[in-house]
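Chemist: Below you'll find the structure I mean.
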Amino acid sequence: MDRKAGQTPGKDVYADLRCTLEESVLGGKVKVSYPRRVICPTCDGKGRLPQTFIDCDKCENNCGLVTRECVATVTVPPGVASGATLRLKGEGDQGSPADGDLYVKVAAETVSKGGIIRRQGADLYTDVVVRYPKRGEDTSVRVRTVEGDWGTLKVSADAKIGSALRIGGRGAPTAPGETTRGDHFFVITKIAFDEDVVKASGADEGSEDGAN
Ligand SMILES: [Zn+2]
């Protein structure tokens, strides 16, 4: 007697899982769709029509299985690394006595949507522009972490382009499931002084006055 799907273990299935930077840092539930072979409902996995010797023409090569596009919900652990493989027991091809497993390979974005946040290992980076109302005085800059709006960070009067402000422990977990997290750095890429803008516009008005 042929060994049909009803008598053979289900095969393992492999799929790719794309997740955002935020999902890879904070963890989350991510859906993945993949082709999965399930027991043919017409012949109940036997490859032959019930109570007959007639081959089932609904399943592939009357093997007792049909391919369906299925969706599984993957629990992504916080701090998962791109390239890591996660196992979902029993979500692979159906069979007997057990279904196969589903293995998903994680492809995590290293840049957030809009390019605001970049991930390098456990640390996160964001470029910021610092505006000083007045030279020689401290200022502040409003920033976002992966959790959302953080509020403002103080910037000293002598901050330099290329230096970074740091929020400790707001990066990615150092390893999946770890509670220790890296840092989020805000790299100063531009510095502007409001008083220069005011002076410049004042000079423009002055020249217009002179022309009148
Ligand atoms: Zn069938």
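Chemist: Just flag the GluC sites (Glu not before Pro) in region 103-212 sitting in loop per DSSP whose Cβ has no more than 11 other Cβ atoms within 10 Å. Spell out each step's value before the answer.
Modeler: Numbers: sites: 109, 137, 147, 178, 195, 205, 208; in loops: 109, 137, 147, 178.
Qualifying residues, ordered by number: 137, 147.
Chemist: Within region 103-203, which trypsin sites (Lys or Arg not before Pro) sit in a loop by DSSP and count at most 14 neighbouring Cβ atoms inside 10 Å?
Modeler: Loop-located and lightly packed - 134, 135, 160.
Chemist: Would you mind computing, in nm to one decimal, how far apart the modelled labels at residue 48 and residue 70 are, each placed 7 Å from Cα along Cα→Cβ?
Modeler: 2.7
Chemist: Over region 1-66, what number does the Rg to Rh ratio reach, with both radii from the alpha-carbon atoms and Rh per Kirkwood?
Modeler: With Rg and the Kirkwood Rh in hand, the quotient comes to 1.25.
Chemist: Probe 1.4 Å, all protein chains in place: accessible area of residue 196 in Å², nearest 10?
Modeler: Answer for residue 196: close to 60 Å² accessible.
Chemist: Follow-up. For the chain, with a Gaussian network of springs between Cα atoms less than 10 Å apart, report the residue from 182, 148, 47 with the top mean-square fluctuation.
Modeler: Comparing 182, 148, 47 in a Gaussian network model of the chain, the most mobile one is 148.
Chemist: Another question, then. With a 1.4 Å probe and every protein chain left in place, work out the accessible area per residue of region 114-204 in Å², rounded to a whole number.
Modeler: 57
Chemist: With 32 Å as the limit, write out which pairs from 31/160; 46/89; 31/190; 160/199; 113/160 have Cα-Cα distances beyond it, or answer none.
Modeler: 31/160; 31/190
Chemist: With n ≥ 4 as the cut-off for DSSP H runs, can you work out [θ] at 222 nm for the chain, using -39500 (n - 2.57) per run divided by the number of residues, rounded to the nearest 500?
Modeler: After summing the helix terms and dividing by residue count, I get -3500 deg cm²/dmol.
Chemist: Right, something else. Using every alpha carbon pair in region 1-143, what percent of pairs falls into each 5 Å bin from 0 up to the bin containing the largest distance?
Modeler: 2, 9, 14, 13, 11, 9, 8, 7, 6, 5, 4, 3, 2, 2, 1, 1, 1, 0, 0
Chemist: Return the Cα extents of region 114-204 along principal axes one, two and three, sorted largest first, each rounded to a whole Å.
Modeler: Principal-axis extents of region 114-204 (Cα, largest first): 58, 26, 21 Å.
Chemist: Okay, moving on. Ignoring ligands, DNA and RNA, please state the percent of accessible area on the chain from carbon and sulfur, probe 1.4 Å. Walk me through the numbers on the way to the answer.
Modeler: Values: 6310 of 12520 Å².
Carbon and sulfur atoms account for 50 percent of the accessible area of the chain.
The values are calculated or read from the model by the stated rules, or taken from the named source; none is laboratory data. Since the model is a prediction, treat every value here as computed from it, not as a measurement. No Cβ is skipped: glycine too gets one built from the backbone with ideal geometry, and neighbour counts run over all protein chains shown. Please note that ligands, DNA and RNA were not included when accessible areas were found on the heavy atoms of the full protein model with its side chains. Shrake-Rupley method; radii C 1.70, N 1.55, O 1.52, S 1.80 Å.
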